[in-house]
1. Go through (1) without any contact (Cβ under 8 Å) to a residue 60 or more places away in the chain; (2) closer than 21 Å to Gly280 by Cα; (3) surrounded by fewer than 17 Cβ atoms within 10 Å (Cβ to Cβ); (4) not small (Gly, Ala, Ser) for Gln75 and report which single condition fails.
2. Tell me which residues, restricted to the stretch 174-233, are under 25 Å from Glu98 (Cβ atoms), among the small types (Gly, Ala, Ser) and free of Cβ contacts under 8 Å to residues at least 40 places away in the same chain.
3. Among the strands (runs of 3 or more DSSP E) lying completely within the stretch 339-410, list those that include at least 1 residues that are more than 29 Å from Ala288 (Cα to Cα).
4. Quick one: is Arg208 in the same structural domain as Gly71 (by the TED database), assigned to a strand (DSSP E or B) and either of a type in the set (Ser, Thr, Tyr) or more than 20 Å from the chain's Cα centre (by Cα) (or both)?
5. Starting from residues that are of a type outside the set (D, E, K, R) and free of Cβ contacts under 8 Å to residues at least 60 places away in the same chain, keep the ones in the stretch 150-172 and report whichever is surrounded by the most Cβ atoms within 10 Å (Cβ to Cβ).
6. Filter the stretch 374-403 down to residues that are more than 25 Å from the chain's Cα centre (by Cα) and in contact (Cβ under 8 Å) with a residue 12 or more places away in the chain, then give me how many there are.
7. Can you pull out the residues in the stretch 263-301 that are within 21 Å of Val373 (Cβ to Cβ), open to solvent by 50 Å² or more (accessible area, probe 1.4 Å) and hydrophobic (A, V, I, L, M, F, W, C)?
Amino acid sequence: RAGEPTCRSQRLMLQGGLIHPSSPGCYYYMPPTVRAVEKLVKVMDEEMQAVGGQKLNMPSLSSAELWRASGRWDQMGPELFRLADRHGKGYCLGPTHEEAVTELVAAQSNLSYKQLPLRLYQVTRKFRDEPKPRFGLLRSREFYMKDMYTFDASEEAARQTYDLVCDAYCSLFKRLGLPFVKVRAATGSIGGTVSHEFQLPADVGEDRLVLCPDGHFAANVEMLNGEQTSCPTCGEKLTQTRGIEVGHTFYLGTKYSSVSNAVFYSPDNKPQLAEMGCYGLGVTRILAASIEVLSTEDSIRWPSLIAPYQLCFIPPKRGSKEEEEGATLLERVYDDLAEALPRLAGDSVLDDRTQLTIGKRLKDANKLGYPYVVIAGKRVCEDPPVFEVWNQNAGKVLFLTKEGVIELLSKVQVP
């Protein structure tokens, strides 16, 4: 039915109160979602800065003149949100920032080859007038993206940068524990000569992919001429799957630098066009796609690195015989944990709805996907006290003393 959630991640995020619909393809991100987004951005910052990325922030409003100069004002068609200011000047809400960043670099007069490579990136809201926004944050009209733009002195250097950033993307997805594939892709409206997509295989994915079972070849079907059925390297039969695109990289050459005249001065002081690349990661899409591929039908599972909270404490039910002692002991666990592992102190939630049974609160914690749940249950009155600990991502229940709880949680990573 119209307005019904159309995929698992959308349903789970709505049920868990993580997003709230505003207008088609636009959502409120609720506080836990903002925490997850901020953690994900932190991990992206680490990976981008490891390859020499410098973070900046470009305007969302982009002048129509810039887009006309590159030819994309007409080429992008109705996907661009277009508007005019009070003086009748045309603008668009940026879906991507190739024109803007190239103009910025072109404005730096006397840029020397010694200052290259330049690797500039941002994490901002982007806008696309999708004909059919659907699947919640997987295809929305307003979304967060990390986009990097690189400027090099030669084609060879630009291709080295390309490989470096692709490796950083692989590192990011491995750290998140996501089952990604890197596939050859078409360059589309961005342009350039080489392009790869990073895809998470999933039934609701809108892209059709072909993969070599031995990993020699992977491509988006739109790249292939005719029906290619066997691997060009080893001859094995290619398998088909669907994927959610979560990252895209492009080697652009001088497509944009030639329009804006983004030049640097070579060792013999001659102006030369910079060789460019651009690299996108869908921040909010990665969030939803990871919930899509990791979760069960009724419970969210986060990549543990970016779960909004790592830890949920559940004290005994009000009126139970463990109530007083259990609450005191649970508080002591938290205090000792905060002292031993200060990074987890702000990553913990106390479910103080003690009018509800432990079972009901555990069910809620399971739905929201806290990686660890620590319960003061029946065995908390033993000597020494024993806590029930649920390791949600591993699907295990452990019975541990206070020291055991702290030792288990010492392995938890927080960005």
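The values are calculated or read from the model by the stated rules, or taken from the named source; none is laboratory data. In this text the structure is predicted, and so the values were computed from the model without any measurement. A quick note on method: Cβ atoms are made from the backbone with ideal geometry, for glycine too, and the neighbour counts reach across all protein chains shown. Ligands, DNA and RNA are stripped out before the accessible areas are found, and what is left, the full protein with its side chains, is counted by its heavy atoms. Shrake-Rupley method; radii C 1.70, N 1.55, O 1.52, S 1.80 Å.
1. (1)
2. Those that are under 25 Å from Glu98 (Cβ atoms), among the small types (Gly, Ala, Ser) and free of Cβ contacts under 8 Å to residues at least 40 places away in the same chain: Ala186, Gly188, Ala219.
3. Hits in the stretch 339-410: 387-391, 396-400.
4. So Arg208 fits the description; yes.
5. Cys170
6. Residues of the stretch 374-403 that are more than 25 Å from the chain's Cα centre (by Cα), as a first pass: 374-390, 396-403.
Okay, now just the ones that are also in contact (Cβ under 8 Å) with a residue 12 or more places away in the chain, so 374-381, 384-390, 399-402.
Residues in the stretch 374-403 being more than 25 Å from the chain's Cα centre (by Cα) and in contact (Cβ under 8 Å) with a residue 12 or more places away in the chain: 19 in total.
7. Taking the stretch 263-301 as the starting set, the residues that turn out to be within 21 Å of Val373 (Cβ to Cβ) are 290-291, 294-301.
Going one step further and asking which of them are open to solvent by 50 Å² or more (accessible area, probe 1.4 Å), we end up with 294, 296-298.
Listed by number, the list holds a single entry, Leu294.
Okay, residues lined up against (1) closer than 21 Å to Leu18 by Cβ; (2) open to solvent by less than 80 Å² (accessible area, probe 1.4 Å); (3) touching a Pro at 6+ places or on another chain (Cβ under 7 Å):
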site: Glu325; (1), (2), (3): no, no, no
site: Leu330; (1), (2), (3): no, yes, yes
site: Ala376; (1), (2), (3): no, yes, yes
site: Pro384; (1), (2), (3): no, yes, no
site: Ala394; (1), (2), (3): no, yes, no
site: Val397; (1), (2), (3): no, yes, no
site: Val414; (1), (2), (3): yes, yes, no
